[in-house]
1. Out of A:Thr78, A:Val125, B:Gln358, whose Cα points farthest toward the positive end of the dipole of the protein assembly as shown (charges: +1 Lys, Arg; -1 Asp, Glu; placed on Cβ)?
2. Ignoring everything except DSSP H segments at least 4 long, calculate the 222 nm mean residue ellipticity for chain A; use -39,500 (n - 2.57) per segment, divide by total residues, nearest 500.
3. How tilted is helix B:161-184 with respect to the longest principal axis of chain B? Cα atoms for both, answer in degrees (0 to 90, nearest 10).
4. Under a crude label model (7 Å from the Cα following the beta-carbon direction), how far is A:Phe110 from B:Val354 in nanometres?
5. To the nearest 20 debye, what is the magnitude of the charge dipole of the protein assembly as shown about its Cα centre, counting +1 on the Cβ of each Lys and Arg and -1 on the Cβ of each Asp and Glu?
6. Going by how many other Cβ atoms sit within 10 Å of their own, how do A:Leu21, B:Leu134 line up, fewest first?
7. Please order B:Thr290, B:Thr418, B:Thr329 by the number of other Cβ within 10 Å, starting at the fewest.
8. Note the full-extension length gain between B:Val400 and B:Ala137 as 0.36 nm times their separation in residues minus their Cα-Cα distance, in nm to one decimal.
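What follows is calculated from the coordinates using simple rules that are stated; it is not laboratory data. Small disclaimer: the values here were computed from a predicted structure and weren't measured. Here Cβ is always computed from backbone atoms with ideal geometry, including for glycine, and neighbour counts include all displayed protein chains.
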Amino acid sequence: MAQHYAPPKQGGMGQFIDSILLMVLVFICLLAPVYLKADHSAAPPEEAKEEATKVEATWQGLGQTPVQAQQWEKLGHTPETAKPIIDNRFDYAVDPMALIVTIAVIVGYFVFVFRISDREYREVVRERFGDGGN
Amino acid sequence: MSEATTAAGSASGQPTRIALLKVLGPVHVWALGVGIVLVGEFMGWNFSVGKGGAYGSLIACWVVGLLYTCVAMIDSEVTSTVAAAGGQYTQAKHIVGPLMAFNVGLYLVMAYTMLEAGDALVVGDLMKAVAGELGHADLDPRPFVVLSIALLAWLNYRGVFMTLTVNFVITAAAFLAIVILFVGVSPWEPAKVLLHKDLLVDLPYGWIGVIAAMQFAMWYYLGIEGTCQAAEEVRSAGRSIPLGTMSGMITLLIAASLTWYVAAGLMPWEYLGQAITPLYDAAKLTGSGTLQVILFVGTIFSAIASANGCINDASRAWFSMGRDRYLPTWFGAVHPRYRTPYRAILFLIPIAVVFAFQAPLDQVISFSILSGLLGYTFMSFNMMKFRKQWPLGSIKRGYVHPFHPLPAIVLLVLCIATYFATFLGYGATLVAVMAFYILASAWFVFHRYKFVRRGDQFTMPWPRPKGY
């Protein structure tokens with residue numbers, strides 16, 4: 001029969017540190033792209049909004065048909081306020097290096113998680129079902 | 001779902017487990033899944049229009065519908081067999097191993113907590129929009145955001161039964177609001193209210209935009225897999241889980257198509273692609289005050305129902321990980337009076353509030369979507385391992401899904417396409433989310449796992465897995 005693993009007891013301070021560490025990890029990792037403004041945002045940037053007020057825009061110049069212009073106006077927009085929204089386009093040019101790094105990170109993560117999980121799972125199975133196997 | 005029957009402590013000092021009541025049927029499973037997801041029809045889905053245009057969003061919506069059909073098929077088989085509370089987290093413990101289970105638990109917590117932050121953000125934004133129309137344009141929406149999260153957390157802290165019952169009612173009301181809006185725009189009379197002919201344009205970014213739109217098209221359905229959280233409480237898992245989940249998927253496919261049809265016929269795609277409350281805006285454009293009020297109520301109801309379900313599910317996943325020692329055991333406590341995982345509920349509040357305050361809606365949604373996507377990627381591998389370790393006939397299955405391994409392969413291919421869709425425009429967010437899970441995994445492997453009792457991780461009455 002396999003020997004049962006007896007885990008150590010964790011004290012209150014250790015539990016507190018673990019909890020805070022996880023919360024800090026969430027904030028640092030997930031808020032980083034927000035603060036660094038590293039990604040596209042659905043909402044147009046403030047600078048674009050300010051810039052738009054300085055130039056005279058027309059619905060025609062923004063490529064809007066009369067019906068589209070009418071709907072914008074019903075939503076409370078003028079050509080000036082609509083301009084930064086209409087101009088806020090995505091850039092889908094793919095940087096091959098960034099793509100390779102991203103693929104490597106995702107694949108590496110899953111390989112790591114499945115390999116370590118498999119090792120841990122064998123320990124679990126050994127304790128639950130005893131030595132031997134099929 | 002409810003862990004309220006898990007009592008803490010007995011005379012011997014050992015935790016006592018009382019079995020969860022098996023009272024739920026397919027209707028409850030349907031309501032649980034649709035309740036969390038329906039808010040996706042009221043906000044968030046429309047960012048897919050911004051990424052690929054209106055037609056691009058519709059194509060992406062159907063393709064991602066196929067992804068979720070695979071999720072529902074796989075989930076129905078595994079959940080009706082691993083009929084235990086904890087959903088995919090429990091499945092990962094029994095089929096893949098502790099580190100995967102830890103990650104799956106985190107996926108669930110982050111997907112639901114970020115969705116909760118998004119829900120609160122929408123409530124705040126809608127209040128600001130309505131206040132603006134009533135002449136109070138300088139209204140600060142932040143108190144509404146905090147109030148929504150705090151109130152729902154308090155309800156969850158006090159007990160779950162009544163809040164989930166209320167949830168079902170307000171979910172039905174929110175769904176009815178979509179149907180009323182659809183009827184209200186007279187779809188049988190084209191060009192009377194709906195202006196598809198004048199507003200729909202070709203694909204603004206071409207076919208790459210359609211792929212890019214798959215990222216936010218997930219928002220139409222994200223959370224339907226939450227039906228498996230009820231596995232331990234359904235009367236007949238083999239019947240209720242597949243029936244409830246698949247009927248939920250059909251409901252969402254219909255609701256998604258109706259939502260797209262109405263919104264794309266009323267708003268220019270550039271506006272629709274960045275709107276925070278697109279269905280409320282659609283109601284405003286009809287010129288009907290009644291529809292505007294109905295959609296205001298529908299949006300608020302859907303956001304509250306969703307946030308409520310999210311607090312419930314996220315806190316239970318966090319609680320389960322604490323109970324299994326994957327997280328500090330302090331989180332595994334049950335309130336002595338209300339029988340709720342109160343510490344887990346309280347711990348997750350600041351995370352939801354900070355993201356609702358600091359991050360824009362599209363990025364909050366991206367965090368939630370990516371955590372969901374990682375979970376679906378796990379599901380495709382999980383299904384393969386499940387059939388390999390316990391071939392058909394070796395254990396009693398509640399339901400056997402057809403065409404294996406096709407759904408698992410299609411799911412994996414569509415997940416890969418959705419990672420690429422996220423890379424297009426939200427690449428830094430994608431890498432940041434991966435960095436979080438990699439660091440959390442390293443923390444688990446090198447520090448946390450030593451506190452985990454090995455043999456206790458396998459509790460199903462199954463034979464030894466093949467190959468182990």
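1. A:Val125
2. Rounded to the nearest 500, it is -21500 deg cm²/dmol.
3. 30 degrees
4. 3.0 nm
5. That gives the protein assembly as shown a dipole magnitude of about 2820 debye.
6. B:Leu134, A:Leu21
7. Ascending number of Cβ neighbours within 10 Å: B:Thr290, B:Thr329, B:Thr418.
8. That pair, B:Val400 and B:Ala137, stretches by 89.1 nm at full extension.
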